[in-house]
Amino acid sequence: MNVKKYVVPVATAVAATVFSASVALAACATDSLPASMEGPDGFPQRALTMIVPYGPAGGSGQVAQAMAQAVSDLTGVAINRDHKPGGSGTVGMTAFMATPPDGYTVLEHIDDASSAHALDSGRPNPAMDLIPLVISQITFSQIYIRTDEDRFTDWNSFVEWVKAQDGKATIANVSKEGSMERVTMKFITDATGMKIQQISFDKGAPRYGALAGGQVDALFEQPGDVRKFLDAGKFKPILTILKERPEAFADVPSLADAGLDFEPLFRFRGFYVHKDAPEERVEWLQWAFQKAFCEKSYQDYNESKFMNLIESFRDTEGARDLITATIEQYRAVYEEMGLEVK
Amino acid sequence: METFSNFIGGTIALFSDPIGILIFVGGVIGGMLFGAIPGVSMLTLAAILLPFTAHLSAEHGVMLFSVIYCTGVYGGAITAILFNIPGAPENAPTAFDGYPMTQKGQAGKAVGAAVMCSALGGTISAVIMMAATAPIADWAISAFGPPEIFALVFFGLAVAASVGAKTLWKGWLSILAGLLIAVVGLDPVGGIERYDFNMPYLLAGIHFIPTILGFFAVSEIFVQAEKKATGVYKAPKVSVDFPSLAELITHKFAVVRSIVIGFFCGILPGIGATLAAFMGYNEAVRWSKDRAQFGKGKLEGVISSETANNAATGAAMIPLLALGLPGGALTAMMVGVFQMHDMEPGPLVFINSPDLVWVVFAAMFFANASILVIGFLETKTIINLLRIPFQFLAPMILLLATVGAYAVRGLVIDVVVMFVAGVLGFFLRRSGYSVAGIVLGLILGKIGEQTFAQAMQMLHFEWSGFIDRPIALVLIISGLLTILGSIYGAFFKKHHSVDHAAGE
């Protein structure tokens with residue numbers, strides 16, 4: 001497969017975004033927005049509901065809590081989180097689409113909503129069927145090994161070792177059909193010529209335990225999710241799936257360093273409202289969620305999750321560009337992989 | 001010795017701090033109350049409290065959650081015994097014998113056993129946790145991968161098939177029905193949609209909590225209502241007779257066995273107290289000479305289940321604290337508490353915050369011990385709920401179960417599932433099938449399918465790979481022997497099983 005085919009507009013949506021944490025904190029993306037904004041006709045007159053299509057303990061649950069807290073601190077409006085996990089986000093999305101479009105219900109969702117639409121256009125398109133209020137987390141993935149691993153120590157020796165195992169080497173992953181992880185692994189294996197067995201773990205703890213306990217040889221993950229293992233010196237990254245090295249991982253080879261020529265896919269999380277919600281209410285929600293991104297509590301949270309290494313903020317238009325580009329990229333990949341794109 | 005002095009240090013720190021004592025007592029009582037109400041479990045309490053822990057110190061926040069965990073696991077036993085409503089899935093096996101004991105007028109004895117065994121299982125588990133957290137955690141994750149967990153599930157199902165049904169075949173059909181229900185929704189590895197009938201909500205699968213509430217609570221109300229309508233209903237006798245110490249000592253092997261099983265299940269990430277309780281119960285049946293009496297109000301059933309689920313609590317803290325790997329939903333929320341204080345559970349916690357670790361260890365020890373005291377006081381009062389006439393009690397139970405089913409995910413389909421399970425359970429129970437088997441098939445089916453798929457990926461789709469993994473091999477052989485033994489029993493000891501069936 002020619003991976004260069006996938007160099008599509010995502011490049012413009014996320015290009016030149018690697019920067020240091022100090023830059024991010026010096027000027028937050030929404031500092032120019034007004035410090036307060038009156039809602040239309042006293043909106044909201046009651047608490048907002050935030051539908052979260054995942055459980056409270058995972059990455060989505062945590063970002064939903066951090067954003068809800070920041071919006072409440074900023075506006076004084078309470079937000080009730082309603083977790084509806086299941087079906088890889090489908091259940092939460094379906095429940096959200098059934099709520100009245102009055103601006104009182106918002107949705108948290110991740111890039112899975114975009115890849116789901118790419119595979120099946122019957123599923124809502126987050127850029128067109130919803131209004132993105134803000135994308136507040138964008139992150140990249142890395143490949144990790146155990147720090148005390150002695151069969152290989154870096155990316156090059158890992159690739160050599162995997163090739164020598166003739167398909168017996170393993171990597172823990174979330175390898176659901178068409179997932180960001182599976183597509184990215186396809187890019188990597190096609191580009192390097194290595195064969196590696198992906199073991200699918202849908203929950204974080206067993207996935208990290210599999211690497212820590214030596215059940216698998218490597219792990220595919222985002223850095224914020226394994227920060228405690230990195231800080232404790234248990235895991236070490238051997239490849240950053242980005243074009244260039246972020247400052248925090250200056251010693252880890254990037255795609256360019258490893259000679260891998262494909263556009264990286266990103267994990268992103270954001271907040272949405274119905275496209276038919278009253279316009280003035282949407283404007284107020286856009287202000288509240290975008291402004292809350294710069295609240296100290298939210299910035300601190302993002303920093304603790306390594307979400308400040310690339311630009312994590314997208315306003316409504318930026319979010320639409322990112323989502324649209326992501327959908328196009330996934331669709332091209334799916335067709336190339338022979339998946340049935342509906 | 002160092003462990004003991006650390007424990008004393010943690011105890012002094014815990015009880016010399018008035019706010020700490022307040023939080024400890026609040027957690028003990030809150031966990032018991034929320035654990036006892038179906039649907040509104042200790043998880044509900046934890047989710048409500050999570051944001052507020054930001055205003056507590058890290059020590060207080062983590063301690064509060066660990067205390068809620070210990071007492072919440074016990075709290076669900078009370079409604080399981082009194083009304084056949086397990087407060088949480090890990091209390092489901094407690095209802096198997098606990099509720100029949102209530103019907104026989106031995107509610108006090110059953111609740112008393114649950115109190116004592118929960119306290120004992122939890123306390124011993126806490127002691128082992130204190131003594132050997134780091135080495136046990138390292139051993140568990142390196143020795144137990146997906147092939148071993150799958151083998152454990154296979155073994156559990158093999159044992160369970162011979163429990164609770166009139167015949168071996170009905171036992172297996174019950175388990176298989178549970179396994180079939182477990183495959184509804186997205187497959188756990190490839191994300192393939194199965195049996196969703198174009199209903200998006202079915203993609204999330206059939207949740208086991210509404211299923212348990214339906215099979216146990218709702219179907220029981222139907223059974224009792226039928227008795228009421230036909231004039232054979234007898235209100236359960238209210239008794240507050242506690243089991244004697246001598247009675248419990250006769251079950252010492254069951255207690256020790258359940259502690260080992262519970263602790264072992266607790267340390268495996270993603271497994272936890274529910275499997276512990278079912279396995280504890282199954283093994284009690286398997287080792288008993290008096291198998292036919294299980295499910296009809298045998299004290300040993302309550303003892304095995306409640307000892308095992310509380311023994312899992314201390315064990316579940318081991319992978320959480322030593323490795324940062326939460327075993328279940330509540331321990332996952334504890335990760336949230338740590339993170340609110342800019343900490344991550346894991347090896348660094350022992351180095352950076354030893355005070356926190358030892359206050360939490362001490363709190364868990366004393367929370368389990370306090371089950372004994374508060375549990376007895378609580379029991380003396382709560383058993384009187386049985387005095388409420390059926391026509392008032394039944395609607396209350398139905399209402400609670402409905403709220404409980406809906407509260408799991410906020411989905412109406414869960415309420416529908418509960419009532420369908422209730423009606424099915426009503427008919428299945430009369431025909432000699434095991435509703436417990438269906439529930440176990442559903443719970444273990446989800447874990448088993450996922451770990452089987454992962455195991456096959458790891459073993460490169462070669463069955464022979466299990467031979468190279470001794471623990472998995474031993475468990476699979478044990479499971480096969482169990483199946484062969486039960487088939488032998490069904491074919492060659494015909495009159496024996498007929499006697500059992502006649503006794504149902």
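The values are calculated or read from the model by the stated rules, or taken from the named source; none is laboratory data. Every value quoted in this text rests on a predicted model; they were computed, and no experiment measured them. Virtual Cβ from ideal backbone geometry, glycine too; neighbours counted across all protein chains shown.
Out of the residues in segment A:179-201 meeting the condition of being among the small types (G, A, S) and away from chain B (no Cβ under 13 Å), tell me which one is farthest from A:V333 (Cα to Cα).
Initial filter on segment A:179-201 (among the small types (G, A, S)): A:179, A:191, A:193, A:200.
Narrowing the set further to residues that are away from chain B (no Cβ under 13 Å) leaves A:191, A:193.
Values: A:A191: 14, A:G193: 18 Å.
Among those that are among the small types (G, A, S) and away from chain B (no Cβ under 13 Å), it is A:G193.
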**Fill in**
Every listed condition ((1) at pLDDT below 90; (2) touching a Lys or Arg at 6+ places or on another chain (Cβ under 9 Å); (3) surrounded by fewer than 22 Cβ atoms within 10 Å (Cβ to Cβ)) holds for A:D231 save (2)
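Among the residues of segment A:104-149, write down those that are in contact with a strand residue (DSSP E or B) (Cβ under 7 Å, 6 or more places away or on another chain) and within 19 Å of A:N173 (Cβ to Cβ). Outline the logic, then answer.
Residues of segment A:104-149 in contact with a strand residue (DSSP E or B) (Cβ under 7 Å, 6 or more places away or on another chain): A:104-111, A:124, A:126, A:130-147.
Within segment A:104-149, A:I110, A:D111, A:T139, A:F140, A:S141, A:Q142, A:I143, A:Y144, A:I145, A:R146 meet the criteria.
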**Request:** Determine whether A:T240 is hydroxyl-bearing (S, T, Y) and under 19 Å from the mean Cα position of the chain (by Cα).
**Result:** yes
**Asked** Got a number for residues in segment B:149-161 being surrounded by fewer than 24 Cβ atoms within 10 Å (Cβ to Cβ) and either modelled with pLDDT of 85 or more or in a loop (DSSP other than H, G, I, E, B) (or both)?
**Response** 1
**Complete:** For segment A:202-216, the count of residues that are more than 7 Å from chain B (Cβ to nearest Cβ) and without any contact (Cβ under 8 Å) to a residue 60 or more places away in the chain equals 2
**Request:** Examine segment A:251-261 for a residue that is free of Cβ contacts under 8 Å to residues at least 24 places away in the same chain, under 19 Å from the mean Cα position of the chain (by Cα) and within 20 Å of A:D111 (Cα to Cα), and state whether such a residue exists.
**Result:** no
**Prompt:** Among the residues of segment B:354-365, is any within 25 Å of the chain's Cα centre (by Cα) and among the acidic types (D, E)?
**Reply:** no
**Request:** Kindly check whether there is at least one residue in segment A:330-339 that is under 26 Å from B:G190 (Cα atoms) and assigned to a loop (DSSP other than H, G, I, E, B).
**Result:** yes
**Message:** Would you confirm, using the coordinates I've provided, whether B:I141 is surrounded by fewer than 24 Cβ atoms within 10 Å (Cβ to Cβ), under 27 Å from B:D355 (Cα atoms) and of a type outside the set (K, R)?
**Reply:** no
**Message:** Given (1) more than 20 Å from A:F268 (Cα to Cα); (2) touching a residue at least 40 places away in the same chain (Cβ under 8 Å); (3) within 14 Å of chain B (Cβ to nearest Cβ); (4) under 22 Å from the mean Cα position of the chain (by Cα), identify the lone condition not met by A:K234.
**Reply:** (4)
**Prompt:** What residue, of B:L82, B:L50, B:L22, is hydrophobic (A, V, I, L, M, F, W, C), buried (at least 17 other Cβ atoms within 10 Å of the Cβ) and modelled with pLDDT of 85 or more?
**Reply:** B:L82
**Fill in**
Sole miss for A:N308 among (1) within 23 Å of A:I188 (Cα to Cα); (2) in a loop (DSSP other than H, G, I, E, B); (3) within 16 Å of the chain's Cα centre (by Cα) is condition (1)
**Request:** Just name the residue that is nearest to the other protein chains (Cβ to nearest Cβ) out of those in segment B:192-234 that are surrounded by 14 or more Cβ atoms within 10 Å (Cβ to Cβ) and assigned to a loop (DSSP other than H, G, I, E, B).
**Result:** B:G205
**Prompt:** Where residues in segment A:63-84 are touching a residue at least 40 places away in the same chain (Cβ under 8 Å) and within 11 Å of chain B (Cβ to nearest Cβ), which of them is farthest from the chain's Cα centre (by Cα)?
**Reply:** A:Q69
